[in-house]
Every structure is written in C-alpha cells, then in structure tokens.
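Let me begin by presenting the structure, written as structure tokens, before commenting on it.
The values are calculated or read from the model by the stated rules, or taken from the named source; none is laboratory data. Nothing here was measured: the structure is a model prediction, and the numbers come from that model. Virtual Cβ from ideal backbone geometry, glycine too; neighbours counted across all protein chains shown.
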Amino acid sequence: MEDLSFRLEKSALLIIDMQNAFINKDGSLSKMGLDISRTLKVIDPIKRLKKEFKRCGRPVIYLQHIHRPDKMDAGIISEVFPQIMELGHCFEGSWDADIIDELKPENDDYIVKKHRFSGFYHTELDDVLRSLDVRILVVSGVATNVCVESTVRDAFYRDYNVFVPRETTVSFAEEFEKGSFANFEFAFARVLSIDEMIKLLGK
C-alpha cells in the first residue's frame with residue numbers, strides 16, 4: 001500500500017449486522033433485555049452512505065450474522081450467551097436474521113454470511129473483495145465494539161485500508177463505542193465524519 005489516502009476506484013462499503021436481531025424492538029437482543037434504542041440512529045446515515053456508493057458505482061457488501069437452529073456453528077458464543085441462543089438469535093431463515101426493511105439489499109449488492117464476530121472469520125469476504133479488486137473498506141453497522149471492531153481489526157491484518165464514518169456505527173452503550181473509536185484512531189482505521197466521507201466519494 002503506497003499511502004492511506006482514499007481511492008474511490010479501490011473502495012467498497014461494508015454494512016455489518018443491520019438485522020432485526022440487533023435493531024428491532026422485537027429482535028432477540030431486545031428480548032434478552034438489551035436496550036437497542038441507540039442502534040436506530042445509524043439507519044439513516046447508512047442509507048445516505050449507501051446511496052452515495054451506488055451513485056459512484058462502487059460495491060456494497062452486507063455482512064449477515066447467521067446461526068444454524070441446532071447451534072452447531074455457534075461455538076463458544078452459545079456458552080457465553082446461552083440466553084440469546086435460546087431466543088433463536090439470527091437463526092438462518094428466521095425474521096430475526098433478516099436485514100432490516102429500511103436497508104434491504106438490492107439485487108446487485110453482495111451478502112456474506114458469518115457465524116462469528118469478524119466478517120473475515122471462515123467466510124468468503126476476502127475472496128469477494130479480492131475478486132472485486134477492493135483494497136479500501138468503508139465500514140458501517142453494529143455493534144462498534146463487537147462485530148465492527150472485530151472486522152476492522154481483521155481487515156487491517158489483511159492490509160486493507162479502512163475508513164469508519166462515526167455516524168454510521170454504534171454500540172449499545174456509549175462507553176464501548178468510545179473505546180472502539182480510540183482503538184481505530186490508534187492504528188486500525190481512519191475515523192472521519194459522514195460528510196467528510198461523502199466529500200471523498202465525490203472527488
């Protein structure tokens with residue numbers, strides 16, 4: 001990588017876990033007792049960012065968290081979060097696992113399914129990105145301190161240049177979110193506002 005500047009022709013947008021399980025009041029996280037109200041605020045910024053990527057003709061890739069109903073692919077997640085798995089968290093084919101109506105993928109969008117926090121762990125994401133000649137990732141979605149940060153770190157380890165617009169990612173608690181942004185700014189990503197990101201897309 002020659003520098004850390006944004007290059008539109010090498011870029012793609014990642015939208016992580018914008019699913020009923022994480023966003024909707026009837027989803028499994030809310031039923032577990034987690035306050036999901038903060039997640040709602042990223043819907044419109046992500047919609048805005050996706051619109052700009054589509055305008056530029058750049059790829060939009062959804063990461064969708066999925067589990068088998070028999071939980072055989074959940075590993076230690078089912079032990080750390082037994083209650084959520086009993087609620088059918090992101091079971092494949094379920095409403096809980098569906099991407100929210102406000103951000104439904106379009107026919108030319110990509111969907112990569114994952115079973116763990118990182119979008120790169122035992123998935124086809126790296127293959128998809130390389131086939132599209134993508135080296136720059138703009139990352140959005142939930143939760144900042146879990147699946148977003150896990151994916152950002154793994155992208156960094158694979159030499160992707162990562163940009164994170166602040167308004168497009170959120171955690172269930174503000175303190176967790178702040179910690180992740182501090183980690184991003186230390187090494188793993190370029191943190192900027194959504195207006196700054198869209199300005200870069202307009203170059």
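A quick yes/no check of all residues on (1) of a type in the set (Gly, Ala, Ser); (2) under 17 Å from residue 59 (Cβ atoms); (3) free of Cβ contacts under 8 Å to residues at least 60 places away in the same chain:
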site	(1), (2), (3)
103	no, yes, no
106	no, yes, yes
111	no, yes, yes
151	no, yes, no
167	no, no, no
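When you scan the range 78-100, do you find a residue that is among the acidic types (Asp, Glu), closer than 30 Å to residue 201 by Cα and over 20 Å from the mean Cα position of the chain (by Cα), even just one?
no
How many residues, within the range 1-29, are assigned to a helix (DSSP H, G or I) and within 13 Å of residue 142 (Cβ to Cβ)?
Of the residues in that region, 5 qualify.
Might you check whether a residue that is of a type in the set (Lys, Arg) and over 25 Å from residue 110 (Cα atoms) occurs anywhere in the range 27-39?
Yes.
Return the residues of the range 66-93 that are among the basic types (Lys, Arg) and within 17 Å of residue 20 (Cα to Cα); say none if nothing qualifies.
The one that is among the basic types (Lys, Arg) and within 17 Å of residue 20 (Cα to Cα): 68.
Does the range 26-39 contain any residue that is buried (at least 19 other Cβ atoms within 10 Å of the Cβ), of a type outside the set (Lys, Arg) and touching an Asp or Glu at 6+ places or on another chain (Cβ under 8 Å)?
Checking the range 26-39: at least one residue is buried (at least 19 other Cβ atoms within 10 Å of the Cβ), of a type outside the set (Lys, Arg) and touching an Asp or Glu at 6+ places or on another chain (Cβ under 8 Å).
Tally time: how many residues in the range 156-165 are touching a Phe, Trp or Tyr at 6+ places or on another chain (Cβ under 7 Å) and either crowded, with 20+ Cβ neighbours inside 10 Å or in contact (Cβ under 8 Å) with a residue 60 or more places away in the chain (or both)?
3
Quick check on residue 6: is it modelled with pLDDT of 95 or more and in contact with a Phe, Trp or Tyr (Cβ under 7 Å, 6 or more places away or on another chain)?
For residue 6, the condition - modelled with pLDDT of 95 or more and in contact with a Phe, Trp or Tyr (Cβ under 7 Å, 6 or more places away or on another chain) - is met.
Of everything in the range 181-199, what is part of a helix (DSSP H, G or I) and in contact with a Phe, Trp or Tyr (Cβ under 8 Å, 6 or more places away or on another chain)? Give them in sequence order.
Listed by number, the residues that qualify are 187, 188, 197.
Tell me which strands (runs of 3 or more DSSP E) are completely within the range 42-153 and hold 2 or more residues being charged (D, E, K, R) and surrounded by fewer than 18 Cβ atoms within 10 Å (Cβ to Cβ), or say none if there are none.
Filter on the range 42-153 gives an empty set.
If we keep just the residues of the range 166-175 that are in a helix (DSSP H, G or I) and surrounded by 16 or more Cβ atoms within 10 Å (Cβ to Cβ), which is nearest to the chain's Cα centre (by Cα)?
168
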